[in-house]
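Remarks on the structure that follows.
The values are calculated or read from the model by the stated rules, or taken from the named source; none is laboratory data. No experiment lies behind these values; they were computed from the predicted model shown. Cβ sites come from the backbone with ideal geometry, for glycine too, and all protein chains shown count toward neighbours. Only protein heavy atoms, including side chains, enter the accessible area calculation; ligands, DNA and RNA are left aside. Shrake-Rupley method; radii C 1.70, N 1.55, O 1.52, S 1.80 Å.
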Amino acid sequence: MNEEHERHETKNPGGRRINIKLFWFIIILLTSVIATAVITALSLEAGNEKAVNVGTDTRSEFSKLYNVYDTINSEYYEDVDRDALIESSIQGMVEGLDDPYSEYMNNEETEAFQETVTGNFEGIGAEVMQEGNRIIVTSPMRGSPAEEAGIEPGDEIIAVDGESIEGWTTQEAVQLIRGEKGTDVVLTIVRGEGDPIDITITRDTIHIDSVTYEEVDGVGHISVNRFQRGTTEEFESKLNEAAEDDVEDVIIDFRYNPGGLLDEAVNMINQFIDEGQTVLSLEDNNGERNEIATSGEANPNTEDFTVYILINEGSASASEVFAGAMDDLTGATIAGTQSFGKGVVQQTVEFGDDSLLKYTNTKWLTPNGHWIHGEGITPDIKLVNPDYYRVDMLSPDEVYTEGIANETVPSIKVALDTLGYEIEDFDEDFGPDLTTAVGDFQSDNGLEMTGNVTGETSTILMSELREYINENDAQLEYLVDYINGEYTEEEIEEYAESRAQYLEIELPEEETEEGEHSEGQDEEQEEESTEEPVDEASPEEESTEE
């Protein structure tokens with residue numbers, strides 16, 4: 001009995017030991033869970049939703065970015081717009097590329113950008129690009145308010161309606177410049193080494209007719225203003241119209257054409273070149289090349305044409321793709337002046353919030369493998385514009401009078417001589433002969449005969465010169481005269497140079513290097529575009545239109 005009791009007592013203590021261990025195990029487990037929850041909550045509270053949490057799979061190169069975001073978000077003395085922080089960090093990342101063709105656009109800027117391929121918007125009608133901290137006009141569109149107001153390629157826009165735009169992106173500047181039809185915008189521009197000048201431009205609905213046609217002295221003149229959706233169909237129609245007119249010589253005019261959709265350029269080349277011929281190559285950062293070839297039959301109406309291509313410093317991107325391919329693959333003659341020299345390609349990615357990233361991803365080469373970036377295409381026949389195309393813009397606030405001597409005086413002399421007021425010398429001295437010529441101009445225009453160039457005299461002189469330029473297309477006239485046999489190649493080049501003696505010709509500066517998408521996918525390639533279609537998306541261009 002006592003033995004049984006002893007055995008029972010031994011067993012019970014053993015049972016109690018097991019129960020005690022299980023009890024403490026449960027207590028410790030619950031304590032750990034609670035402690036972990038408390039620590040996590042305190043960490044979140046103290047870190048104010050840190051950008052990087054423990055356990056997150058992150059890349060070390062972003063640690064500084066996260067730390068800056070967390071510091072500003074938690075310690076800045078005022079409430080922070082977190083979305084604005086993210087947007088600005090993305091913009092800064094893209095700006096760090098130091099590439100004038102790469103940029104990040106918010107949804108409003110994306111909407112304006114997409115308008116550039118439809119051909120309709122309200123603004124002044126000019127292409128601009130960002131060059132460092134500067135906004136530069138690459139080309140005013142023909143017949144646009146910008147062209148009529150005297151905006152020229154190379155003009156730097158430094159302010160809009162009195163507000164400085166130094167350091168702005170092209171999209172930011174365009175948003176300010178664009179506006180409702182009929183309203184005015186004042187651009188402050190700097191041309192060359194001149195002083196800032198205010199130019200008032202009345203906005204209008206800008207519809208870009210991408211292709212126009214006329215017959216000039218028996219020569220077909222087809223002007224292509226940009227490469228937008230439908231340009232190939234327009235171009236084919238004009239080629240057929242030229243064939244119906246029985247013209248033998250056709251000028252394809254790309255002056256001031258900043259580029260556009262690359263697939264349109266390829267299809268336009270296909271009008272002259274049969275299926276399966278390489279018209280350009282795209283080269284990525286690994287040196288891999290992708291050849292882009294024509295996919296259809298050539299237009300039979302082009303077989304008997306002798307083709308001339310007219311270019312200038314405003315001809316860029318897809319324009320240069322067309323000219324380069326025709327130069328390498330056909331007997332086309334290129335005339336005019338050196339083209340812009342844009343040999344890189346952009347690609348776009350549109351995100352779920354309708355923002356858009358545009359970045360340079362390849363360079364393009366002509367069929368013979370030539371890269372024209374920063375160099376441009378050299379014409380076979382050099383046709384420089386006359387001096388009056390390079391006249392300095394005169395500010396009505398400045399006074400030019402007899403006895404002064406400066407760099408602007410030759411521009412006054414060229415302008416008056418062009419309008420029929422005889423000038424004997426074109427130096428920098430404002431002498432008695434110039435005073436007489438100014439007085440005659442003032443008399444003819446109902447102005448007080450002071451002999452001084454200022455105020456209304458300056459305004460009317462510039463206006464009449466612009467009208468003269470619009471009515472007298474010197475480069476086109478030179479080329480038509482050459483085609484019609486009035487001059488040899490050497491003679492027409494010499495004649496053009498003889499009319500360009502007095503005002504310096506500024507060469508273009510070398511560059512330092514224009515579908516719906518699911519977020520981060522289905523990329524659309526764009527040229528400032530120059531690129532091949534990907535997944536049936538179209539390549540597009542920037543410079544940006546305003």
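Take the conditions β-branched (Val, Ile, Thr) and crowded, with 17+ Cβ neighbours inside 10 Å and apply them to Thr337. Does it pass? Spell out the reasoning first.
Numbers: β-branched (Val, Ile, Thr): yes; crowded, with 17+ Cβ neighbours inside 10 Å: yes.
So Thr337 passes the test.
Which count do you get for residues in the range 457-476 that are surrounded by fewer than 14 Cβ atoms within 10 Å (Cβ to Cβ), assigned to a helix (DSSP H, G or I) and of a type outside the set (Ser, Thr, Tyr)? Qualifying residue count, the range 457-476: 3.
Mind telling me which of the residues Glu402, Glu424 ends up being among the charged types (D, E, K, R), touching a Leu at 6+ places or on another chain (Cβ under 9 Å), open to solvent by 70 Å² or more (accessible area, probe 1.4 Å) and in a loop (DSSP other than H, G, I, E, B)? Let's see the steps before the verdict.
Values: Glu424 fails: touching a Leu at 6+ places or on another chain (Cβ under 9 Å).
Just one listed residue meets the conditions, Glu402.
Figure legend. Inter-residue proximity from the range 46-73: first residues within 22 Å of Ala84 (Cα to Cα), second residues at pLDDT 90 or above and open to solvent by 70 Å² or more (accessible area, probe 1.4 Å), beta-carbon distance below 7 Å, spacing 6+ or different chains. Indicated pairs: Asn73/Arg82.
A quick yes/no check of all residues on (1) closer than 30 Å to Gly230 by Cβ; (2) at pLDDT 90 or above; (3) of a type in the set (S, T, N, Q); (4) touching a Phe, Trp or Tyr at 6+ places or on another chain (Cβ under 8 Å):
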{"position": "Glu75", "(1), (2), (3), (4)": "no, yes, no, no"}
{"position": "Asp79", "(1), (2), (3), (4)": "no, yes, no, no"}
{"position": "Arg82", "(1), (2), (3), (4)": "no, yes, no, no"}
{"position": "Ser88", "(1), (2), (3), (4)": "no, yes, yes, no"}
{"position": "Gln91", "(1), (2), (3), (4)": "no, yes, yes, yes"}
{"position": "Gly96", "(1), (2), (3), (4)": "no, yes, no, no"}
{"position": "Asp99", "(1), (2), (3), (4)": "yes, yes, no, yes"}
{"position": "Glu111", "(1), (2), (3), (4)": "yes, no, no, no"}
{"position": "Thr116", "(1), (2), (3), (4)": "yes, no, yes, no"}
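Can Gly446 be described as over 30 Å from Met141 (Cβ atoms) and open to solvent by 20 Å² or more (accessible area, probe 1.4 Å)? Write out each step before concluding.
On the way: over 30 Å from Met141 (Cβ atoms): yes; open to solvent by 20 Å² or more (accessible area, probe 1.4 Å): yes.
Here the answer is yes, as Gly446 does meet what is asked.
Of the conditions (1) modelled with pLDDT under 90; (2) surrounded by 13 or more Cβ atoms within 10 Å (Cβ to Cβ); (3) touching a strand residue (DSSP E or B) at 6+ places or on another chain (Cβ under 8 Å), Ile124 fails just one. Which one is it? Of (1) modelled with pLDDT under 90; (2) surrounded by 13 or more Cβ atoms within 10 Å (Cβ to Cβ); (3) touching a strand residue (DSSP E or B) at 6+ places or on another chain (Cβ under 8 Å), only one is false for Ile124: (1). Here Glu152 meets the list (1) outside any helix (DSSP H, G or I); (2) more than 25 Å from Leu394 (Cα to Cα) almost entirely, failing just condition (2).
In summary, Gly485 fulfils each of the numbered conditions (1) within 28 Å of Tyr400 (Cβ to Cβ); (2) more than 36 Å from the chain's Cα centre (by Cα) with the single exception of condition (1).
Is there a residue being modelled with pLDDT of 65 or more and over 42 Å from the mean Cα position of the chain (by Cα) anywhere in the range 32-53? If you could, list the steps in order and put the result at the bottom.
Of all residues in the range 32-53, those modelled with pLDDT of 65 or more come to 32, 34.
If we keep only those that are over 42 Å from the mean Cα position of the chain (by Cα) as well, we get 32, 34.
Yes: the range 32-53 contains one or more residues that are modelled with pLDDT of 65 or more and over 42 Å from the mean Cα position of the chain (by Cα).
Among the residues here, Lys342 does not qualify as charged (D, E, K, R), open to solvent by less than 10 Å² (accessible area, probe 1.4 Å) and outside any loop (DSSP other than H, G, I, E, B).
Among residues of the range 365-381 being touching a Gly at 6+ places or on another chain (Cβ under 9 Å), open to solvent by less than 50 Å² (accessible area, probe 1.4 Å) and in a loop (DSSP other than H, G, I, E, B), the one that is farthest from Tyr478 (Cα to Cα) is Pro367. Of the residues Val349, Val414, Val384, the single one that is in a loop (DSSP other than H, G, I, E, B), of a type in the set (Val, Ile, Thr) and at pLDDT 90 or above is Val384. Among residues of the range 366-380 that are more than 14 Å from Ile311 (Cα to Cα) and modelled with pLDDT of 95 or more, none has a Cβ under 6 angstrom from a residue that is of a type in the set (D, E, K, R) and surrounded by fewer than 16 Cβ atoms within 10 Å (Cβ to Cβ) at a sequence gap of 6+ or on a separate chain. Might you check whether a residue that is part of a loop (DSSP other than H, G, I, E, B), at pLDDT 95 or above and within 20 Å of the chain's Cα centre (by Cα) occurs anywhere in the range 246-256? Within the range 246-256, one or more residues are part of a loop (DSSP other than H, G, I, E, B), at pLDDT 95 or above and within 20 Å of the chain's Cα centre (by Cα).
Restrict the check to the range 316-335 and report whether at least one residue is assigned to a loop (DSSP other than H, G, I, E, B) and farther than 26 Å from Gly485 by Cβ.
If we filter the range 316-335 for residues that are assigned to a loop (DSSP other than H, G, I, E, B), which is where we start, we get 316-317, 330-332.
Subsequent filtering for residues that are farther than 26 Å from Gly485 by Cβ retains 316-317.
Yes, there is a match, as at least one residue in the range 316-335 is assigned to a loop (DSSP other than H, G, I, E, B) and farther than 26 Å from Gly485 by Cβ.
Within the range 272-290, residues that are among the charged types (D, E, K, R) sit with their Cβ atoms under 7 Å from residues that are open to solvent by 30 Å² or more (accessible area, probe 1.4 Å) and part of a loop (DSSP other than H, G, I, E, B), at 6+ positions apart or across chains, in these pairs: Asp274/Glu297; Glu275/Ser295; Glu275/Glu297.
One line per residue, one yes/no per condition, for (1) in contact with a Pro (Cβ under 9 Å, 6 or more places away or on another chain); (2) surrounded by fewer than 17 Cβ atoms within 10 Å (Cβ to Cβ):
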site	(1), (2)
Glu234	no, no
Asn240	no, yes
Glu244	no, yes
Val250	no, no
Ser281	yes, no
Val307	no, no
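Screening Ala84 with (1) in a helix (DSSP H, G or I); (2) under 22 Å from the mean Cα position of the chain (by Cα); (3) farther than 28 Å from Val185 by Cα gives one miss only, at (2). Of all residues in the range 319-331, exactly one satisfies the criterion of being open to solvent by less than 10 Å² (accessible area, probe 1.4 Å) and either farther than 15 Å from Ile372 by Cα or of a type in the set (D, E, K, R) (or both), namely Glu320.
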